[in-house]
Amino acid sequence: MSACSPRAGGRSTTDSSGLSRPLSRRRSVGEGAASAPARSADRGLAQPVTLLTGASGYVGGRVLRELERSGRPVRCLTRRPEALRGRMPAHTEIVTGDVLDRSSLTNALRGVDKACYLVHSMGRGSDFEELDRRAARTFGIAASEAGVAQIVYLGGLGDASHLSPHLASRQQVGELLRESGVPTVELRASIVIGAGSASFETVRSLVERLPVIVAPRWTETLAQPVSIDEVVAALVAALSLAAPLDVIWEIGGTECVTYAELMREYARQRGLRRGQVRAPFLTPTVARLLLPLLDPAHGRIAAAMVDGLRNETVVRRRPDLEILPPPTCGVSAAMAQALAAEDREFAQRRWCEANAAERPDRFGGLVFGRRMVVSRLVRVGSPPHEAFRPIERIGGDNGWYSASWFWSLRGCLDRVRGGRGLRRGRRDPDRLRVGDAIDFWRVERVEPGRLLRLAAEMKMPGRLWLQFEVATGSRTTTVCQTTIFDPAGYVGRAYWYVLYPVHRWVFGRMLRGISRAAASGRTRPTRKTFVSEREIYYTM
């Protein structure tokens, strides 16, 4: 890894101030600023609204949180409003629409002062370039007619010559938005480091799921990765400009690295031993066929992006430092922040209350990022506090409500491998607090009557959590049990899938045992105990 600086002879897309060079059909910055009052004149005293597209996506969701913290009115345009309802505060407006549908944009853009455009079509088929062009033209024209003063767009970094179809499309979208006549701030970024970013997830899949780091020629291409926090900060700063600007800003972190170096750094931070094998035969064409197999969730997008790996994505000119502060985060720090943020987000999830979509059972559970998640539900006739009582008393002398022989055997195996086994028991047979040891588990989070989260401390190739939630229904109480496994590379994945039938049986019996213990309290048991496993999907 090395400190990044513009290379000699590199062609810049911006001048020294960070403003883009004038295009034949682009208005100057002065013209955009002068026309801003006229654009907003019909809004009277109403506070201007910021429109956010792509709010259910990886970057958009984080931008939305920052805009909400600032207190400004936000309107989210989405094709799937059900994916956002229940996650938004009351003052955030949700409108149904599509950037390809001109009629749906009229209402969405009414009263909007600034719009953040975070839409791309790479996951919607092989004709994504034409879809992106149509969407940009449609949105730009609608924004101009609605009197929008400023568009902010996140594009891709790269020299304008010999670009891959993906990067060329991203930059053409910015050009089409500017051609609408609305001043546009186009932020061009390299790899965004953060869980959920398609480029980061591709790196993760290659390292986690293969025993070696496969290094074709294109993995030696230079990039300038940037942390998701700095990307979000730049977008919010652009949306906070006092006067409209028509500019291209290139943003990146403090270091230039190759893709191979990025993979080695990820392996180091995850504690995975990975050798490197050069593979000159692995062309981008072959990689496009393999990536969907390695990463089904992001593989189609990664396959569309892989041609762009031949293009250096290095910042040639920094934006105006009076508007955007210089980057402070290197690759190691950005990756550590991304992994820590992912842990925090999982630790705070309520699996029963989140906006989950029911899917058919799937062997091994849902692959969410690098984790496997399986949730089970049981409905009991007891009130919540009684349903939670057997959960709070789990482990130690109270046992685990099923398959005692299994837990004893698991404890013996753990001790043989140098672990703690079942020797620790519990501090108190009836009450728990954060930090308590329960056999070979540790209490990470407890909310009496509502939630218990345990982290496994047994020896295994990965990390395991067991979470219980209790929620009140119309006539019954729902107990949700969720197991979350974070495998350590391909060995951990093999461990999980090989033992999945055993885990499914053990944890299913545990939940039924808890339901029987809850039903044997002061209320009568329900006529039939219903337990269902389901796959859970979340939009980050």
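Assorted remarks:
- Considering region 479-491, and only residues there that are in a helix (DSSP H, G or I) and surrounded by fewer than 20 Cβ atoms within 10 Å (Cβ to Cβ), the residue that is modelled with the highest pLDDT turns out to be V491.
- Residue in region 328-349 that is modelled with the lowest pLDDT, counting only those that are in a loop (DSSP other than H, G, I, E, B) and loosely packed, with under 14 Cβ neighbours inside 10 Å: Q348
- For the residues P81, P48, the requirement of being surrounded by fewer than 17 Cβ atoms within 10 Å (Cβ to Cβ) and in contact with a helix residue (DSSP H, G or I) (Cβ under 8 Å, 6 or more places away or on another chain) singles out P48.
- Residue check for F368: closer than 26 Å to P81 by Cα and either surrounded by 17 or more Cβ atoms within 10 Å (Cβ to Cβ) or out of contact with any strand residue (DSSP E or B) (no Cβ under 6 Å at 6 or more places or on another chain) (or both): yes
- Screening A233, A243, A260 for residues that are in a helix (DSSP H, G or I), under 20 Å from K114 (Cα atoms) and either among the hydrophobic types (A, V, I, L, M, F, W, C) or in the same structural domain as A488 (by TED's automatic domain parsing) (or both) leaves exactly one candidate, A233.
- Within region 375-409, being of a type in the set (A, V, I, L, M) and assigned to a helix (DSSP H, G or I) holds for A387, I391, L409.
- Residues that are part of a loop (DSSP other than H, G, I, E, B) and of a type in the set (G, A, S) were ranked within region 430-478; the one that is surrounded by the most Cβ atoms within 10 Å (Cβ to Cβ) is G449.
- Filtered residues of region 472-499 (kept if more than 26 Å from the chain's Cα centre (by Cα) and either outside the structural domain of V374 (by TED's automatic domain parsing) or among the hydrophobic types (A, V, I, L, M, F, W, C) (or both)): V479, V498, L499
- Neighbours by Cβ (under 6 Å, 6+ apart or cross-chain): first from region 267-283, within 17 Å of T202 (Cα to Cα) and among the small types (G, A, S); second at pLDDT 85 or above and surrounded by 16 or more Cβ atoms within 10 Å (Cβ to Cβ): A267/V207; A267/R274
- Residue pairs whose Cβ atoms lie under 6 Å apart, separated by 6 or more positions or on different chains, with the first residue in region 155-181 and closer than 23 Å to C256 by Cβ and the second of a type in the set (K, R) and assigned to a helix (DSSP H, G or I), are G155/R170; G156/R170.
- Every residue from region 379-422 that is at pLDDT 85 or above and on the phi > 0 side of the Ramachandran plot: G395, G396, G399, Y401
- Within region 296-326, tally of residues that are at pLDDT below 70 and within 23 Å of S169 (Cα to Cα): 12
- Strands (runs of 3 or more DSSP E) within region 54-164 that include 2 or more residues more than 25 Å from the chain's Cα centre (by Cα) and on the phi > 0 side of the Ramachandran plot: none
- Single residue of V226, V182, V236 found to be buried (at least 24 other Cβ atoms within 10 Å of the Cβ) and either in contact with a His (Cβ under 6 Å, 6 or more places away or on another chain) or within 26 Å of P73 (Cα to Cα) (or both): V182
The values are calculated or read from the model by the stated rules, or taken from the named source; none is laboratory data. Because the structure is a prediction, the values reported are computed rather than measured. Backbone-built Cβ (ideal geometry, glycine too); neighbour counts: all protein chains shown.
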